[in-house]
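Before anything else, here's the structure in question.
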Amino acid sequence: MTQFSTPLSSSLGDVRGKRVLVRSDLNVPLDGMTITDDGRIRASVPTIQGLAEAGARVVVVAHLGRPKGTPDPAYSLAPVAARLGELLGVPVAFATDTVGESAAAVVGGLADGEVAVLENVRFNAGETSKDDAERGAFADQLAGLADAFVSDGFGVVHRKQASVYDVAQRLPHAMGQLVATEIDVLRRLTVSPERPYVVVLGGSKVSDKLGVIDNLLDKADKLLIGGGMVFTFLKAQGHEVGKSLLEEDQLDTCRAYLARASESGVEIVLPTDIVVDTAFPSGDREPEPVVVPASEIPADSLGLDIGPESAKAFAAELADARTVFWNGPMGVFEVEAFAAGTRAVAEALTRVDGLSVVGGGDSAAAVRQLGFEESAFGHISTGGGASLEYLEGKELPGIAVLED
Ligand code: ADP
Ligand code: MG
């Protein structure tokens, strides 16, 4: 717990006997009641454990999925609380509401060094409300449960939500260890990164990620693009992309980026071959992957991974990089037939002599699912959206509120 003392104790002082509300990001993928990837829970442990060991009465607040502001058993944090208890090696109390009678009773029953988890914070409409008063009223209730607040949910620090932003205005607050580490790594990616600095982008949330390119075009030496967003770039270059993921309204933006890159000497590297199939993978049929040149995607097909020649080329580009940021799988890695591009990039990242950062929920899940050791990477970020917004140069409300 050595790094822990810096951000926390400086601003919170002695936490023994204090009720400390910790906003964690426990938003893990679930298959029914089974947690399929507990990475975010494990990443949340050090701060919770550190506070408990320091004698705090730890009250964890978190969300799971996107319930509609009202209780929904499908999104209960109960299985997550149980897993947290296993990882901590101590029983964790669970409140069946977030700020109601159960929460009051559970928090009231905590002894020094004990941990409780509150039910999904998004079961309350006030959490994500755009109305400051409604959010504030809910934050008042959350703040009423604690003496201090620790912000450790990196995956949500870009959200102006009650348990992230408003509650920090109502309690003595500090940054948790996870958020402090994430911000430190992101700073190293933006303030004089060691060169060559290569950024790899993929995934499916195309328009979310085009924004980051804008900022990185001034910072990175090379941008390797795969995943779903590649097809908007290929189309922008005049190629047909068949039934592939495409954002028509971003074509001009992509053209502008390509032009800017060639002017500024930043290289945008696109795949030269693509693995296609005639349908998106589903349980109903066996995949029939076919490798085609990126410029010759058949009209009846869609691109689902970068091809073997491109995977090799991307790996070669990464071989001499000193700083790498990777967000977004190169293909539909969940299906083995379309996982090779993602595997090749992950493999290349493990060999980087310098700082290698994997950002994004699915990217992090991909490296684990494909069997890589987490320690093979410099850092695996728990927050995709938050790290992208930081790299875009945007202010993160959940961080700004801690810096007053
Ligand atoms: P992250 O969570 O790491 O930020 P995203 O959520 O943007 O990444 O994207 C992850 C998803 O992108 C994966 O589920 C993967 O199957 C999908 N994906 C990757 N390549 C393609 C593609 N060519 N077409 C459609 N989906 C893709
Ligand atoms: Mg994702």
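The values are calculated or read from the model by the stated rules, or taken from the named source; none is laboratory data. Quick caveat, the model's predicted, so the values are computed rather than measured. Glycine also receives a Cβ, built like all others from the backbone with ideal geometry; neighbour counts cover every protein chain displayed. Side chains included, ligands, DNA and RNA excluded: accessible areas come from the protein's heavy atoms. Shrake-Rupley method; radii C 1.70, N 1.55, O 1.52, S 1.80 Å.
Plugging the Kirkwood radius over Cα pairs into Stokes-Einstein for segment 243-316, at a temperature of 20 °C and a viscosity of 1.002 mPa s, what D comes out in µm²/s?
Diffusion coefficient, whole number: 153 µm²/s.
So if we plug the beta-carbon distance of GLU347 and SER102 into 1/(1 + (r/R0)^6) with R0 = 51 Å, what FRET efficiency do we get, rounded to 0.05?
0.60
Round to the nearest 10 and give me the degree value, 0 to 90, for the angle of helix 177-190's Cα axis relative to the longest principal axis of the chain.
30 degrees
Let me ask something else about it. For ARG285 and LEU251 in the same chain, what is the full-extension length gain: residue separation times 0.36 nm, less their Cα-Cα distance, in nm?
Between ARG285 and LEU251, full extension yields an extra 9.0 nm.
If you don't mind, another one. Mind grabbing the accessible area of ARG16 for me, 1.4 Å probe, Å², rounded to tens?
Roughly 140 Å² of ARG16 is accessible to a 1.4 Å probe.
Hey, another quick one. Along its principal axes, what span do the Cα atoms of segment 64-217 show, with the longest given first and each in whole Å?
Largest to smallest, the principal-axis extents are 54, 36, 32 Å.
How much length is gained if the chain between ALA74 and ALA316 is pulled fully straight, taking 0.36 nm per residue apart and subtracting their Cα-Cα distance, in nm to one decimal?
82.7 nm
Once the other residues with Cβ under 14 Å from the Cβ of ALA78 are scored (Lys, Arg +1; Asp, Glu -1), what is the net sum?
Neighbour charge sum, excluding ALA78 itself: -3.
Given Cα pairs under 8 Å that are at least 6 residues apart, what percent is the relative contact order of the chain?
Rounded, it is 15 percent for the chain.
Using a cut-off of 9 Å between beta-carbons, work out the net charge of the residues near PHE333 (Lys and Arg +1, Asp and Glu -1, PHE333 not included).
Counting the neighbours of PHE333, the net charge comes to -3.
Give me the accessible area of ILE297, 1.4 Å probe, in Å² rounded to the nearest 10.
10 Å²
Could you order VAL191, VAL20 so the one with the most accessible surface comes first? Probe is 1.4 Å.
I get VAL191, VAL20, largest accessible area first.
Put ARG195, ARG42 in order of accessible area, largest first, 1.4 Å probe: what do you get?
If we order ARG195, ARG42 from most to least accessible, we get ARG195, ARG42.
Okay, moving on. When the C-alpha atoms of segment 89-173 are aligned to their principal axes, what extent does each axis show, in angstrom, from largest down?
Principal axes ranked by extent give 36, 24, 21 Å for the Cα atoms.
Let me ask you something else. Over 28 Å between Cα atoms, which of LYS160/LYS243; LYS18/LYS68; LYS68/LYS219; LYS68/LYS209 qualify?
Beyond 28 Å: LYS160/LYS243; LYS18/LYS68; LYS68/LYS219.
Related question: Under 17 Å Cα-Cα from LYS312, which lysines qualify once same-chain neighbours fewer than 8 residues away are excluded?
Counting by Cα, and skipping residues close in sequence, LYS312 has these lysines nearby: LYS222.
Figure the gain on full extension for ARG195 and ARG66 (residue separation times 0.36 nm, minus the Cα-Cα span) and round it to one decimal in nm.
Separation in residues times 0.36 nm, less the Cα-Cα distance, equals 42.5 nm.
Keeping all protein chains in place and using 1.4 angstrom, which order do TYR75, TYR197 fall into by accessible surface area, from largest down?
Highest to lowest solvent-accessible surface, that is TYR75, TYR197.
Could you work out the mean projected area of the convex hull around the alpha carbons of the chain, in square nanometres to one decimal?
One quarter of the hull surface, i.e. the mean projection, equals 19.6 nm².
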